[in-house]
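What follows is a single structure, written as structure tokens, with notes after it.
The values are calculated or read from the model by the stated rules, or taken from the named source; none is laboratory data. Not measured: the values here are computed from a predicted model. Glycine gets a Cβ as well: all are built from the backbone with ideal geometry, and neighbour counts include every protein chain shown. With ligands, DNA and RNA removed, areas are computed over all heavy atoms of the protein, side chains included. Shrake-Rupley method; radii C 1.70, N 1.55, O 1.52, S 1.80 Å.
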Amino acid sequence: MIIKNIALILAAGRGHRMSRGTPKQYLDVGGITILRRTVNVFLKNPTIDLIQVIIHPDDRELYDTAVGDIGLPEPVLGGKTRQNSVLNGLEAIGKHFPEYVYIHDAARPFLEQKTLNSLICEVDKSGAVIPALRIRDTIKCITEETIHSTLDRDYLYCAQTPQAFRYKAIFMAHRRFENINFTDDSAIAEKAGLKVRIIEGLENNFKITTKEDLNKANIMTKKYYTDVRIGYGVDVHAFDKGDHVILGGVKIPHTMSLKGHSDADVAIHAITDAVLGAIAAGDIGEHFPPSDPEWKNVSSDVFLKHAVNLVAKKKGIINSIDITIVCEEPKIGPHRDLIRSNISKIMDFDIDRISIKATTTEKLGFTGKGQGIMVHAVATIKLLE
Ligand code: CTP
Ligand code: MG
């Protein structure tokens, strides 16, 4: 395979402005480490052929925990400064003879594909390009705590990463100016006489540097769960001879039982359909056909667990379950909390978010005449945007 585009991810810093503890790139943001989020952005882009991470020699275990399962090449060890780390990385990837390199801070996990794609197109034309963000505030030069002058904002931008270059050109520039300190790679490119283009950066691609940044990052990841879905399910089972019914996995003594192919747990069937409905995944009969002998007399837990797994596969979060059991008898009130805790156990989900209600139909209709039980269920689910 030809390796044309390599992402070089800088993760060898100590993150001291954040804390003296675990380096910031290995901290969790919304349940996923910052480094993993950053790596994921490049993994999702089909143009990037290889992702090379640069790490601190003390962080091997943290690295393995964060991204060890992804199958990335052996991490390269960084140096004392960011610039040293970049040079180590550039040296290490030379064996692949890449055409372009995208040098990116691990601490910028919210890079968007839109930006990466613009860089990919632009570097192919101009050979050197970075994302830059227009300055919003007015910038002052200060001497002795007094404003000396006000800069013309129209010419001022904040440099971000990834900074994309022709590999050979940036490698030569880094080598040549190894002994001068620069604050980013484009400064080295400029010094070497390369023309560096800019594309418009995005605010989200900020560098997580302080505790406040980490807070902001956590808030941003919650924002990703704003795709709220509502699912509705209803089920009916007729009474038959017997001495108990099963509702929400709880055995309730009664003068009759419910007829059904499985354990006839009408409540769990309705909830399962509501959960499937919220993710538009068909209905219970489609997943577990009543004609299939495999599901005969099976405990309905299996159906509900399956629906919950489908939500998890979509990286969704179940937000609430609300059901109404419609029957004259048995009385549900005395069993309500047991049913709630049982459903909470089956779904591995907070009991506070599970509501069980019951009603009669004033002796009207089939439920009123005691011919069977009907259950309505509503599920709300949050998916990633
Ligand atoms: N970095 C690196 N090697 C270094 C220093 C920094 O690879 N010797 C990386 C960091 O891991 C980070 C990126 O360069 O992803 C940008 O640097 P910065 O935000 O300054 O991170 P740290 O140096 O880790 O943080 P601090 O300056 O607060 O200690
Ligand atoms: Mg630093």
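The sole residue among Ile34, Ile51 that is assigned by TED's automatic domain parsing to the domain that holds Asn88 and within 16 Å of ligand 2 (Cβ to nearest atom) is Ile34. Take Ala11 and decide whether it is of a type in the set (Gly, Ala, Ser), within 17 Å of Thr81 (Cα to Cα), surrounded by 16 or more Cβ atoms within 10 Å (Cβ to Cβ) and touching a residue at least 24 places away in the same chain (Cβ under 8 Å). Yes. If the condition is being open to solvent by less than 50 Å² (accessible area, probe 1.4 Å) and β-branched (Val, Ile, Thr), then region 189-200 contributes Val196, Ile199. Considering Pro293, Pro289, the condition of being touching a helix residue (DSSP H, G or I) at 6+ places or on another chain (Cβ under 8 Å) and either open to solvent by 30 Å² or more (accessible area, probe 1.4 Å) or farther than 30 Å from Val228 by Cβ (or both) is satisfied by Pro289 alone.
Open to solvent by less than 80 Å² (accessible area, probe 1.4 Å), among the hydroxyl-bearing types (Ser, Thr, Tyr) and closer than 27 Å to Arg37 by Cα: does that describe Thr209? So Thr209 fits the description; yes. Scan region 65-73 and give yes if some residue there is surrounded by fewer than 20 Cβ atoms within 10 Å (Cβ to Cβ), free of Cβ contacts under 8 Å to residues at least 60 places away in the same chain and in contact with a Ser or Thr (Cβ under 9 Å, 6 or more places away or on another chain), otherwise no. Yes, region 65-73 has at least one match. Only residues that are in contact (Cβ under 8 Å) with a residue 40 or more places away in the chain and small (Gly, Ala, Ser) were counted in region 333-385, giving 5. Being open to solvent by 40 Å² or more (accessible area, probe 1.4 Å), in contact (Cβ under 8 Å) with a residue 60 or more places away in the chain, out of contact with any Phe, Trp or Tyr (no Cβ under 9 Å at 6 or more places or on another chain) and not assigned by TED's automatic domain parsing to the domain that holds Ile317 is not true of Lys80. For region 14-25, filtering for residues that are within 15 Å of ligand 2 (Cβ to nearest atom) and open to solvent by less than 50 Å² (accessible area, probe 1.4 Å) leaves 6. Checked against (1) more than 17 Å from Arg166 (Cα to Cα); (2) within 15 Å of ligand 2 (Cβ to nearest atom), Val86 passes all but condition (1). Taking region 103-187 and the strands (runs of 3 or more DSSP E) fully enclosed by it, no element has 2 or more residues that are at pLDDT 95 or above and of a type in the set (D, E, K, R).
The residues listed here are Ala132, Ala128; of these, the one that is over 29 Å from the mean Cα position of the chain (by Cα), open to solvent by less than 10 Å² (accessible area, probe 1.4 Å) and more than 16 Å from ligand 2 (Cβ to nearest atom) is Ala128.
Residue check: Arg20 meets all listed conditions (1) more than 12 Å from ligand 1 (Cβ to nearest atom); (2) not in a strand (DSSP E or B) but one, namely (1).
Open to solvent by 20 Å² or more (accessible area, probe 1.4 Å), of a type in the set (D, E, K, R), out of contact with any Asp or Glu (no Cβ under 8 Å at 6 or more places or on another chain) and not in a helix (DSSP H, G or I): does that describe Glu203? For Glu203, the condition - open to solvent by 20 Å² or more (accessible area, probe 1.4 Å), of a type in the set (D, E, K, R), out of contact with any Asp or Glu (no Cβ under 8 Å at 6 or more places or on another chain) and not in a helix (DSSP H, G or I) - is met. The conditions of being assigned by TED's automatic domain parsing to the domain that holds Thr38, under 30 Å from Met1 (Cβ atoms), open to solvent by less than 30 Å² (accessible area, probe 1.4 Å) and touching a residue at least 60 places away in the same chain (Cβ under 8 Å) are not met by Ala173. Apart from one condition, Arg340 fits all of (1) more than 39 Å from the chain's Cα centre (by Cα); (2) under 18 Å from Val275 (Cβ atoms); the exception is (1).
Identification of strands (runs of 3 or more DSSP E) wholly contained in region 216-281 with 2 or more residues that are open to solvent by 50 Å² or more (accessible area, probe 1.4 Å) and without any contact (Cβ under 8 Å) to a residue 60 or more places away in the chain yields 227-241. Being more than 26 Å from the chain's Cα centre (by Cα) and among the hydroxyl-bearing types (Ser, Thr, Tyr) is the filter; apply it to region 55-101 and report the residue that is nearest to ligand 1 (Cβ to nearest atom). Going through the qualifying residues, I end up with Ser85.
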